[in-house]
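So the structure is just underneath, and the comments pick up after that.
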Amino acid sequence: MPGTPADRPPTMADIAAHLGISRQLVSLVFRDAPGASEETRRRVRKAAAELGFSPHVGARSLRRSRSTDLGVIFAPAHSTEPEIIEHVYAAASAHGYDVILSAQTAARSTGDAVEELLGHRCAGLIVAGSHLDHAGMRALSRRAVVPVVEVGAASRRNDHYDVVRSSGDRGIDDMVTYLAELGHRRITYVDPAAMPSAALRRRGYDRAADRLGLSTDVLSVPGKYRRADYFEEAGASAARRLLERDELPTAVVAPNDHAAVGLLLTLARAGVRIPAHLSITGFDDSPIARLSSVDLTTVRQDPALMGTAAVEAAVRRIQDNALAPAETVVDTYLVKRNSAAPPRPGG
């Protein structure tokens, strides 16, 4: 590394010595503070690139009078959260905020992730895909002090934290209605009971079945939401229970794409042809649903809208802490692919 000792990373003092200017002037450039000419700023940034210098983000944050960091807690095991976070970055940047991520896993709780982000003095927290119920989220918001936004939960409008969710009940209602329009009358619903939005989506199925005059058929599947394979195994378990019956339904609705894929694979191995023998649908329009080998009919909740709404909810209350928490509902829509078709004659 030119101009600096090989056993340590370069510093602002190294840049100053390299250019023959003061360290204070280099510091002005990296703080975007007045007092340096455009030519000096250009030279400092060019020297920083040549020396491999990166500003100490943590130290810079501590010097600021107001935090511009948004902390985001997410579950890497769930494919929808990373897509939402991709759009959180863009929305945060548009408001002048940086993003700090902290993961919750089978061995690392939401509380652990919160403590890490509070240590970074984040201005607000966005919690995506948490297993916490309302009481847990309320306790988290009291502990955090800063604004908290929950993403992807059931309908929980309250006075403690913001909620951003999709219209999951309406999405499932629309899917059941679509299947009924194709001619299906025996539509089974798979209910992964540990999923935070399970009750909301189940309401959509019950409502549609009642309106359409269909008999309800619900397969409730227990399990641990934080397990990486929970949804696939929930679908596989539901498929095995269906195979034990004397007669299959003509369609199955899963409130999660991964559960739908677990169903599809297990039934296909047993010789059930999708959709010739049975239609299967999901929810989310996650990457796995779009694979040509899966081609899943599903309900899409737009990750761009979810991520943007989460940032805007957090920024709204960061800028005015007198504002009350609110609930934002993002519309869903059907994505029709080849896993659903009219039932075969006599089905």
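The values are calculated or read from the model by the stated rules, or taken from the named source; none is laboratory data. Note that the structure is a prediction, hence the values are computed from the model and not measured. Glycine gets a Cβ as well: all are built from the backbone with ideal geometry, and neighbour counts include every protein chain shown.
Within the stretch 269-296, the set of residues being surrounded by fewer than 21 Cβ atoms within 10 Å (Cβ to Cβ) and of a type in the set (Ser, Thr, Tyr) comprises 292, 293.
Mind checking whether some residue in the stretch 149-171 is closer than 30 Å to residue 279 by Cβ and touching a Phe, Trp or Tyr at 6+ places or on another chain (Cβ under 8 Å)? Within the stretch 149-171, one or more residues are closer than 30 Å to residue 279 by Cβ and touching a Phe, Trp or Tyr at 6+ places or on another chain (Cβ under 8 Å). Beta carbons closer than 6 Å, at least 6 apart along the sequence or on distinct chains, pair a first residue in the stretch 207-225 that is under 30 Å from residue 108 (Cβ atoms) with a second that is surrounded by fewer than 16 Cβ atoms within 10 Å (Cβ to Cβ) for 220/193; 222/193; 225/131. Of everything in the stretch 242-258 that is out of contact with any strand residue (DSSP E or B) (no Cβ under 6 Å at 6 or more places or on another chain) and assigned to a helix (DSSP H, G or I), the residue that is surrounded by the most Cβ atoms within 10 Å (Cβ to Cβ) is 258.
Restricting attention to the stretch 120-131, and to residues there that are of a type in the set (Gly, Ala, Ser) and outside any loop (DSSP other than H, G, I, E, B), which single residue is nearest to residue 308 (Cα to Cα)? Once the filter is applied, the top-ranked residue is 128. Within the stretch 180-204, being part of a helix (DSSP H, G or I) and either free of Cβ contacts under 8 Å to residues at least 12 places away in the same chain or in contact with a Pro (Cβ under 8 Å, 6 or more places away or on another chain) (or both) holds for 181, 182, 198, 201, 202. Inside the stretch 220-229, residues that are touching a helix residue (DSSP H, G or I) at 6+ places or on another chain (Cβ under 8 Å) and surrounded by 20 or more Cβ atoms within 10 Å (Cβ to Cβ) make up a count of 1. Number of residues in the stretch 95-115 that are assigned to a helix (DSSP H, G or I) and free of Cβ contacts under 8 Å to residues at least 24 places away in the same chain: the value is 2.
Residue pairs whose Cβ atoms lie under 6 Å apart, sitting 6 or more positions apart in sequence or on different chains, and linking a residue in the stretch 132-159 that is closer than 19 Å to residue 306 by Cβ to a partner that is modelled with pLDDT of 85 or more and in a loop (DSSP other than H, G, I, E, B), are 137/161; 148/161; 150/161; 154/197. On inspection, residue 289 passes the criterion of being under 20 Å from residue 80 (Cβ atoms) and either free of Cβ contacts under 8 Å to residues at least 40 places away in the same chain or in a helix (DSSP H, G or I) (or both).
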